[in-house]
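Beneath this line is the structure, given in structure tokens, with notes to follow.
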Amino acid sequence: MSVTLHGKTVVITGASSGIGEATAYEFAKHGARLVLVARRAERLAEIAELCRKDHNVEVQCIEADVRNQAQITSLLHDNIGDNAVDVLVNNAGLSRGLDPVQTGDSINWEEMIDTNIKGLLWVTKALLPSMIARGTGMIINIASVAGRQAYPNGNVYCATKAAVRMLSETMQFDVNGTGVRVTNIDPGLVETEFSLVRFRGDEQRAATVYKGYTPLSASDVAETIVFCATRPAHVSIHDVLVMPTAQASTQVVHKVMT
Ligand code: NDP
Ligand code: 8X3
């Protein structure tokens, strides 16, 4: 039996594209009240407008960089205040570069660590205490299959996602007995702006990642997220690995090139 999300408040980080954007639409379809976070305010405004128009839901947008603890904490506090947050989707994240450690760029490493690990912690720290105080709430962390299985030159990105996975696992202890649930979702290859960001706008290189097979769509992952969020209060899905059928592992993807 699924529970209703109607009127529930859902905070989604990284909602301006890809998985986060699709997750906003999916929660809107279920009647949830949305709080969308990302740096690109215009994109957020367009997505919010579509959610309002198509599903008549309330949407707030927060233009913020999750790497900036002071900014994200005070913006979440100002916008949400004492309102209850029912679901937090920690989705904001990125990859930069694909190089061995010996030639990797330390600025890229810092950006990935600051966004994927520290950003997730800052948002969680801002919102989890009130969930615990209310004795209900759910945190859904978007990690990756890259946090379970290494691949060549994945080094720092894989390490950040392994950290997210371990945070999800250790948070099970932190929230145990409080009524709050934590879910870790590890998607395989999803066609979004992810590779465009990784390869700094190189469209041809980014497109190659998704050629010759059917990758997951952002909506496939969004539907998985909403499935987890609609389980009854006594059911906690700790861990999900969702892959394209053509992907056996991070290193084995069945591609048919024409
Ligand atoms: P996109 O590049 O399409 O989306 C990334 C989102 O993260 C954007 O909305 C971006 O918004 C936001 N973001 C990035 N940095 C920051 C920041 N500093 N502060 C606030 N928001 C930020 O990629 P995906 O949708 O694919 O990625 C979403 C998550 O899914 C990531 O955590 C990624 O690691 C993970 N993932 C992706 C997979 C894939 O194959 N695509 C597979 C497995 C996991 P903005 O730039 O406007 O701030
Ligand atoms: C994104 C999937 O395999 O490109 O986490 O790292 S992969």
Report summary line: Here the qualifying pairs (Cβ atoms under 6 Å; residues six or more apart or on different chains; first in the range 107-123 and of a type outside the set (Phe, Trp, Tyr); second within 12 Å of ligand 1 (Cβ to nearest atom) and open to solvent by 50 Å² or more (accessible area, probe 1.4 Å)) come out as 114/67; 115/67; 119/67
Report summary line: Per the list (1) part of a loop (DSSP other than H, G, I, E, B); (2) away from ligand 1 (no atom under 12 Å from the Cβ); (3) not aliphatic (A, V, I, L, M), residue check on residue 250 breaks on (2)
Requested in this report: Could you tell me whether any residue of the range 150-158 is of a type in the set (Gly, Ala, Ser), more than 23 Å from residue 196 (Cα to Cα) and open to solvent by 40 Å² or more (accessible area, probe 1.4 Å)?
Outcome: no
Requested in this report: Identify, by number, the condition in (1) assigned to a strand (DSSP E or B); (2) more than 20 Å from residue 131 (Cα to Cα); (3) touching a Lys or Arg at 6+ places or on another chain (Cβ under 9 Å) that residue 61 doesn't meet.
Outcome: (3)
**Report entry** Matching residues in the range 204-258 - criterion: being aliphatic (A, V, I, L, M) and under 30 Å from residue 135 (Cα atoms)
**Finding:** 221, 222, 225, 226, 229, 233, 235, 237, 240, 241, 242
Query raised in the report: Picking from 137, 177, which residue would you name as being under 28 Å from residue 35 (Cβ atoms), small (Gly, Ala, Ser), buried (at least 22 other Cβ atoms within 10 Å of the Cβ) and more than 12 Å from ligand 1 (Cβ to nearest atom)?
Result: 137
Query - Residue that is in contact (Cβ under 8 Å) with a residue 12 or more places away in the chain and within 16 Å of ligand 2 (Cβ to nearest atom), where the choices are 22, 45, 28 - result: 22
Query raised in the report: Of all residues in the range 26-54, which are open to solvent by 50 Å² or more (accessible area, probe 1.4 Å) and touching a His at 6+ places or on another chain (Cβ under 8 Å)?
Result: 29, 30
Query - Residue under evaluation residue 161, criteria (1) touching a helix residue (DSSP H, G or I) at 6+ places or on another chain (Cβ under 6 Å); (2) part of a loop (DSSP other than H, G, I, E, B); (3) within 15 Å of ligand 1 (Cβ to nearest atom); (4) more than 22 Å from residue 201 (Cβ to Cβ), criterion not met - result: (2)
Query - Unique residue being more than 10 Å from ligand 2 (Cβ to nearest atom), aromatic (Phe, Trp, Tyr) and open to solvent by 50 Å² or more (accessible area, probe 1.4 Å) when the list is 199, 227, 194 - result: 227
Report task. Determine if the range 71-82 includes at least one residue that is within 9 Å of ligand 1 (Cβ to nearest atom) and either closer than 25 Å to residue 22 by Cβ or surrounded by fewer than 15 Cβ atoms within 10 Å (Cβ to Cβ) (or both). Result -> yes
Requested in this report: State the number of residues belonging to the range 116-158 that are within 13 Å of ligand 2 (Cβ to nearest atom) and either part of a helix (DSSP H, G or I) or hydrophobic (A, V, I, L, M, F, W, C) (or both).
Outcome: 11
Query raised in the report: If you go through the range 73-82 one residue at a time, do you hit one that is modelled with pLDDT under 95, within 21 Å of residue 226 (Cβ to Cβ) and among the hydrophobic types (A, V, I, L, M, F, W, C)?
Result: yes
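The values are calculated or read from the model by the stated rules, or taken from the named source; none is laboratory data. Just so you know, these numbers come straight off a predicted model, no measurement behind them. Note: ideal-geometry Cβ built from the backbone for every residue, glycine included; neighbour counts use all protein chains shown. Remember, those area values only see protein heavy atoms, side chains included, never the ligands or the DNA or RNA. Shrake-Rupley method; radii C 1.70, N 1.55, O 1.52, S 1.80 Å.
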